[in-house]
Amino acid sequence: MDLSVEVPNPLVDVSNGRFMGKKDLGDGYTRWDWRIHYPINSYNVSLNIGTYEHFGEKMGDLTLDYWVLPENMAKARAQFVQTKPMLEAFEHYFGEYPFPKDGFKLIEVPYSGMEHQSAVTYGNRFANGYLERDWTGVGISTKFDFIIIHESGHEWFGNAVSAADVSDMWIQEGWTTYLECLYVERLFGAADGLKYTNAYKTKIQNRTPIITERGLHRTPPQDMYFKGALFLHTLRGVVNHDAVWRKLIRDFYQANKYRNIMTEDVVGFFNARLKRDLTPVFNQYLRRTALPTLELDFATTPGSVRYRWKADETGFNMPVKAGRADAWQVLTPTTKWKTMATPLAKDDFLVATDLYYVLVDKR
Ligand SMILES: [Zn+2]
């Protein structure tokens, strides 16, 4: 896409892609020309017009350009040092920044921010957290600038890998929220990663499925962000092998970048790579409202526990770690009762609920 924007002198237009030049039109206006070298979603096309000033840096060959109002230059220079470690974290997990010919930009705007491709807009008050709040409420959001990390994460999921229909927007928002969790894990450690991820549970409503009806252009509920991320976190628990999980999500990204895909493509890729049918698990979390509940019955036979999943998907058979926290056992419940011997009493029999987004019902 070529984008040319005529603005009154001395305003500046900062748009997506690479700056190709500007031309004084002699009538008080100047034309700013930008070239986008990659496929781009229409909602990502952005005109940002103001009395911008510029500073920049490089990360290897990648240009990082920052456009802010003159009065905010000092604040921006201090806050935008978070850009490189953020890009390095996402490159670590998924591979090279997707739009190197266009470079990466942060552009100041009067709203909180938006993931415009290669022209991420920023209005988070040059402060950590989200609009100066502890976004997830557990003391971790204050360690980084939510808008820099979330909106830039969309360069990988949303902009490079895009949902083909708005019904499947969890591919944009669920994945990018999960990228925040990976960023926290990478920069602040596994314990903070787990804490940050699980804190999102309090924001989930579970009122309607996060995939809406296809073809209606009906925006999914906000659960697509947080439940989407918790679902991916749950899948990591199912895979139960960090190296396998890391390679899986990286390969999934690499196989689908610069493409528009549907949830079926995600399910197909994961099923093929893991050589197991996770379709009922995807369906329960994405196409159903209720969370799966692990029912544990200690009352029927002493010295044993009966267990099953209560779920809408009859084939729901997700493995789950349970028993003692220092020696988890992997149970493979189905929606039919199974029985196992256990020396643990009801109150001592735990479920690793920080690794999965599930409910537990003990009786
Ligand atoms: Zn987003």
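The values are calculated or read from the model by the stated rules, or taken from the named source; none is laboratory data. Here the structure is a predicted model, which means the values were calculated and not measured. Cβ atoms come from the backbone with ideal geometry, glycine included; neighbour counts cover every protein chain shown.
Considering only helices (runs of 4 or more DSSP H) fully contained in the range 220-311, which possess at least 1 residues that are among the hydrophobic types (A, V, I, L, M, F, W, C) and touching a Ser or Thr at 6+ places or on another chain (Cβ under 9 Å)?
Qualifying helices (runs of 4 or more DSSP H): 223-239, 263-274, 279-286.
Would you mind finding the one in E115, E132 that is within 14 Å of the ligand (Cβ to nearest atom) and charged (D, E, K, R)?
Result of the check over E115, E132: E115.
Against the definition (in a helix (DSSP H, G or I), hydrophobic (A, V, I, L, M, F, W, C) and either surrounded by 19 or more Cβ atoms within 10 Å (Cβ to Cβ) or under 20 Å from the mean Cα position of the chain (by Cα) (or both)), how does I107 come out, yes or no?
So I107 does not fit the description; no.
Quick one: F226 ticks every box in (1) within 16 Å of the ligand (Cβ to nearest atom); (2) modelled with pLDDT under 95 except a single one, so which number is it?
Condition not satisfied by F226: (2).
Applying the selection to the range 155-167, what residues are in contact with a strand residue (DSSP E or B) (Cβ under 8 Å, 6 or more places away or on another chain) and closer than 12 Å to V120 by Cβ?
Of everything in the range 155-167, just one residue is in contact with a strand residue (DSSP E or B) (Cβ under 8 Å, 6 or more places away or on another chain) and closer than 12 Å to V120 by Cβ, namely E155.
Which of (1) surrounded by 14 or more Cβ atoms within 10 Å (Cβ to Cβ); (2) modelled with pLDDT under 95 is the odd one out, the single condition D297 does not satisfy?
(2)
State which residue is surrounded by the most Cβ atoms within 10 Å (Cβ to Cβ) when the search covers only the range 300-311 and only residues that are farther than 21 Å from L355 by Cα and modelled with pLDDT of 95 or more.
Of everything passing the filter in the range 300-311, V305 is surrounded by the most Cβ atoms within 10 Å (Cβ to Cβ).
Considering T51, T83, which residue is touching a residue at least 40 places away in the same chain (Cβ under 8 Å), surrounded by 13 or more Cβ atoms within 10 Å (Cβ to Cβ) and of a type in the set (S, T, Y)?
Residue meeting the stated conditions: T83.
Condition first: part of a helix (DSSP H, G or I), of a type outside the set (S, T, N, Q) and more than 16 Å from the ligand (Cβ to nearest atom). Now tell me which residues in the range 197-218 satisfy that.
A199, K201 - these are the residues of the range 197-218 that are part of a helix (DSSP H, G or I), of a type outside the set (S, T, N, Q) and more than 16 Å from the ligand (Cβ to nearest atom).
Which condition number does C181 fail, the rest of (1) closer than 27 Å to G17 by Cα; (2) more than 10 Å from the ligand (Cβ to nearest atom); (3) surrounded by 20 or more Cβ atoms within 10 Å (Cβ to Cβ) being met?
(1)
Output yes when any residue across the range 143-159 is over 16 Å from R186 (Cβ atoms) and more than 16 Å from the ligand (Cβ to nearest atom), and no when none is.
no
Listed residues T176, T208, T197, T202; which is modelled with pLDDT of 95 or more, among the hydroxyl-bearing types (S, T, Y) and within 23 Å of N271 (Cα to Cα)?
T176
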